[in-house]
1. Report whether or not residue 97 is under 26 Å from residue 56 (Cα atoms), surrounded by 13 or more Cβ atoms within 10 Å (Cβ to Cβ) and either of a type in the set (Phe, Trp, Tyr) or at pLDDT 90 or above (or both).
2. Under 6 Å between Cβ atoms, at least 6 apart or on separate chains: pull out the pairs that start in region 117-129 with a residue that is closer than 16 Å to residue 38 by Cβ and end on any residue that is among the β-branched types (Val, Ile, Thr).
3. List the number of the failed condition for residue 32; all other conditions in (1) part of a helix (DSSP H, G or I); (2) free of Cβ contacts under 8 Å to residues at least 40 places away in the same chain hold.
4. Restricting the first residue to region 150-167 and requiring it to be among the small types (Gly, Ala, Ser), which pairs with a second residue that is surrounded by fewer than 17 Cβ atoms within 10 Å (Cβ to Cβ) and part of a loop (DSSP other than H, G, I, E, B) meet a Cβ separation below 6 Å and a spacing of at least six or different chains?
5. Out of all the residues in region 24-35, is one or more under 27 Å from residue 140 (Cα atoms), under 14 Å from the mean Cα position of the chain (by Cα), among the aliphatic types (A, V, I, L, M) and modelled with pLDDT of 95 or more?
6. Residues of region 12-40 being within 15 Å of residue 134 (Cβ to Cβ) and of a type in the set (Asp, Glu), which ones?
Amino acid sequence: MARAAGSSGAAVITLPADDQILITRDLCAPRRQVYRAWTTPELVERWWSGHRGTMTSVEIDLRVGGRWRYVMIVGDDHTGGREVAFHGEYREIVPNQRIVTTEVYEMPDAPDPGGDVPLNTVTFTDNGWHTILTLLTECPSNELRDAILESGMEVGVQEQMDLLEEVATLRQ
């Protein structure tokens, strides 16, 4: 049974299992436009960092076995900010319907996690002029799932989903 994780915005965050995070959001945009905003580098640049930073690089090799990498600067103008990066590999792609990727948070001097990384499955479900987006993150451990939750990810997710909807509704 899923339990709520204290969702406060339009995206609903639940914990269906000890090692999972499920994000569900109804976006007021057609599925093909949401998928395009999710998979086009110049569009991802506009929503992925939410209001938490400035994107400096978005690389997407959208094919099974292809890699993705997103880099942003977070922090305020007084500190100069710090670079934060994530990368992964595409495991499954069904255009306009489903994408499965790994996700690695890049940390300086961190050991290579090998295959012990979260697996993200995002689905785009057509609901007329709306799209139901679900993002299931399956973690290799309960501890990693809890660390992700405690990182403040919910605020960022809410901002991301709001901006994703804005980008997906723009004339493309």
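1. Answer is no for this residue.
2. Between residues of region 117-129 that are closer than 16 Å to residue 38 by Cβ and residues that are among the β-branched types (Val, Ile, Thr), the close pairs are 120/101; 120/137; 121/100; 122/99; 123/134; 124/34; 124/131; 125/132.
3. Of (1) part of a helix (DSSP H, G or I); (2) free of Cβ contacts under 8 Å to residues at least 40 places away in the same chain, only one is false for residue 32: (2).
4. 156/52
5. no
6. 26
Let's see how each residue does on (1) surrounded by fewer than 17 Cβ atoms within 10 Å (Cβ to Cβ); (2) at pLDDT 90 or above; (3) of a type in the set (D, E, K, R):
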site: 40; (1), (2), (3): yes, yes, no
site: 62; (1), (2), (3): yes, yes, no
site: 75; (1), (2), (3): yes, no, no
site: 86; (1), (2), (3): yes, yes, no
site: 102; (1), (2), (3): no, yes, no
site: 115; (1), (2), (3): yes, no, no
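The values are calculated or read from the model by the stated rules, or taken from the named source; none is laboratory data. In this text, all values refer to a predicted model and were calculated from it rather than measured experimentally. FYI the Cβ positions are ideal-geometry reconstructions off the backbone, even for glycines, and counts take in every protein chain you see.
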